[in-house]
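Since the structure comes first, as structure tokens, the remarks are kept for the end.
The values are calculated or read from the model by the stated rules, or taken from the named source; none is laboratory data. Keep in mind it's a predicted model, so treat the numbers as computed, not measured. With ideal geometry, Cβ positions are generated from the backbone for all residues, glycine too; neighbour counts draw on all protein chains shown. Areas reflect the complete protein model, heavy atoms only, side chains present, ligands, DNA and RNA absent. Shrake-Rupley method; radii C 1.70, N 1.55, O 1.52, S 1.80 Å.
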Amino acid sequence: MRGTWGTRDSESTVMALFARIREDINSVLERDPAARSRVEVFFCYPGLWAVWIHRVSHWLWRVKLRLPARLLSQVGRFFTGVDIHPGALIGRRLFIDHATGVVIGETAIVGSDVTMYQGVTLGGTGKGHGKRHPTVCDGVFIGNNANVLGNVTIGENSRVGAGSVVLADVPPNSTVVGVPAHIVYRNGERVLITDPHDVKDPLSDALIALSGRVEELEKQLGRAVKTAEPFSTEEAERTAYHEELERLRQYVSMGEGI
Ligand SMILES: CC(C)(COP(=O)(O)OP(=O)(O)OC[C@H]1O[C@@H](n2cnc3c(N)ncnc32)[C@H](O)[C@@H]1OP(=O)(O)O)[C@@H](O)C(=O)NCCC(=O)NCCS
């Protein structure tokens, strides 16, 4: 009886494993227009191999075989160029395109249907302890060489531009770009920065000071324009001049054609 149950269990485990592999391959076919067949995806996508190796190393990590887990993840890194710590929690259908240079830290959490390109780092800032790596929610897209640092959360279906450095939480359905990253789209609407306080940048202080000075100058200019608006002195001089001209005209006409 025991043996029968054991066989059924292992059969279903193997079936589940193949189902997962098929699911991963299909997700690549859906997301990468360059992928032509399942066989091609199986043999030519090291990002997928990295995920599969991680699944085994993560299992070793969870059963407390920490050193074998680390060793296996290093073997994976050698062959794929992707360094995923065995402690990282990775959801389903993660697609790492081009693979090379991706680093995913120990306490990172990656949801399902996440896509990332080469050179992406989900790393720590070097300052934190405990949960010190990012949480990337379902459906997130991370462009090549983007760095997401610290215990920050990238909300569902958000996009991180290539080369961006994300240091703060990103709300769901947003696009962030730049160093440090700021939101350019949210729920399909373009987001423009109009307040320099919203620019979280080492140059922010200079921008804030500059905009304060411009505001001050505008105010001063506004006052000057206001004072000058009635042109009271000029208006009075003009009136006096016209009256004098009128008076003189009488003399001119009297002078008969001078
Ligand atoms: C972030 C990204 C997804 C946004 O695409 P999008 O929704 O079409 O956005 P837009 O092109 O309209 O860009 C919006 C603004 O952000 C800027 N921007 C876009 N991507 C940027 C980036 N990576 N870094 C800095 N600024 C960026 C644009 O210049 C534009 O600014 P502007 O309106 O002031 O001119 C895309 O630009 C990106 O970076 N994709 C990654 C692709 C990748 O990794 N490819 C690797 C292939 S190997």
## Note on the structure
Its Cα gyration tensor gives the range 44-197 an equivalent ellipsoid whose semi-axes in whole Å, largest first, are 28, 16, 13
### Inter-label distance, nm, simple model (7 Å from Cα along the C-beta direction), PHE42/GLN250
11.4 nm
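Quick check for you: with a 1.4 Å probe and neighbouring chains kept, what is the accessible area per residue of the chain, in Å²?
Values: 16450 Å² over 258 residues.
Accessible area per residue: 64 Å².
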### Summary
Across PRO46, PRO33, PRO172, the residue with the highest GNM fluctuation in the chain (Cα network, 10 Å cutoff) is PRO33
### Query
With +1 on each Lys and Arg Cβ and -1 on each Asp and Glu Cβ, how big is the dipole of the chain about its Cα centre, in debye rounded to the nearest 20?
2320 debye
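Rounded, prolate or oblate for the range 90-138? Axes are the square roots of the Cα gyration tensor eigenvalues, ordered a ≥ b ≥ c, and the cut-off for rounded is a/c under 1.5.
Working: a/c = 3.08, a/b = 1.42, b/c = 2.17.
It is oblate, given that a/c is not under 1.5 and a/b is not larger than b/c.
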### Task
Using 0.36 nm per residue of separation minus the Cα-Cα distance, give me the extension gain between SER112 and LEU217 in nm, one decimal.
32.6 nm
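May I ask you to order 8-14, 55-61 by the average number of other C-beta atoms within 10 Å around their residues, highest value first?
Working: 8-14: 10.0, 55-61: 17.9.
Answer by packing, highest mean first, reads 55-61, 8-14.
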#### Entry: Crossing angle, helix 232-254 versus the chain [Cα axis fit, 0-90 degrees, rounded to tens]
30 degrees
### Query
Helix-derived [θ] at 222 nm for the chain: sum -39500 (n - 2.57) over DSSP H runs of at least 4, divide by residue count, nearest 500?
-15500 deg cm²/dmol
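I want the local charge near ARG31. Using Cβ-Cβ distances under 12 Å, sum +1 for each Lys or Arg and -1 for each Asp or Glu among the other residues.
Working: positive: ARG93; negative: ASP24, GLU30, ASP32, ASP97, ASP113.
Around ARG31, the charge tally is -4.
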### Neighbour-limited loop hits for trypsin sites (Lys or Arg not before Pro), the range 94-193 (at most 16 other Cβ within 10 Å; DSSP other than H, G, I, E, B)
LYS127, LYS131
### Summary
Among GLY76, LEU210, THR107, the residue whose Cα sits farthest towards the positive end of the charge dipole of the chain (+1 at Cβ of Lys and Arg, -1 at Cβ of Asp and Glu, taken about the Cα centre) is GLY76
### Message
If I build a Gaussian network model for the chain, linking alpha-carbon pairs within less than 10 angstrom, which residue out of GLY222, GLY101, GLY139 has the largest mean-square fluctuation?
### Response
GLY222
### Message
Under 10 Å, Cα contacts only: if you run a Gaussian network model on the chain, which one of GLU30, GLU216, GLU244 comes out with the highest mean-square fluctuation?
### Response
GLU244
### Query
Round to a whole number: what % of the accessible area of the chain belongs to carbon and sulfur, probe 1.4 Å?
59 percent
### Query
Short version: ³J(HN,Hα) in whole Hz for each residue of the range 164-180, in order, from phi by Karplus 6.51 cos²θ - 1.76 cosθ + 1.60 (θ = phi - 60°), x for Gly and Pro, what are they?
6, 10, 9, 10, 9, 4, 10, x, x, 6, 10, 10, 10, 9, x, 10, x
#### Entry: Degrees between helix 46-62 axis and first principal axis of the chain (Cα, 0 to 90, nearest 10)
70 degrees
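If we sort 193-201, 69-77 on the protection proxy, mean other Cβ atoms within 10 Å, highest first, what's the order?
Ranked from most to least packed, the peptides come out as 69-77, 193-201.
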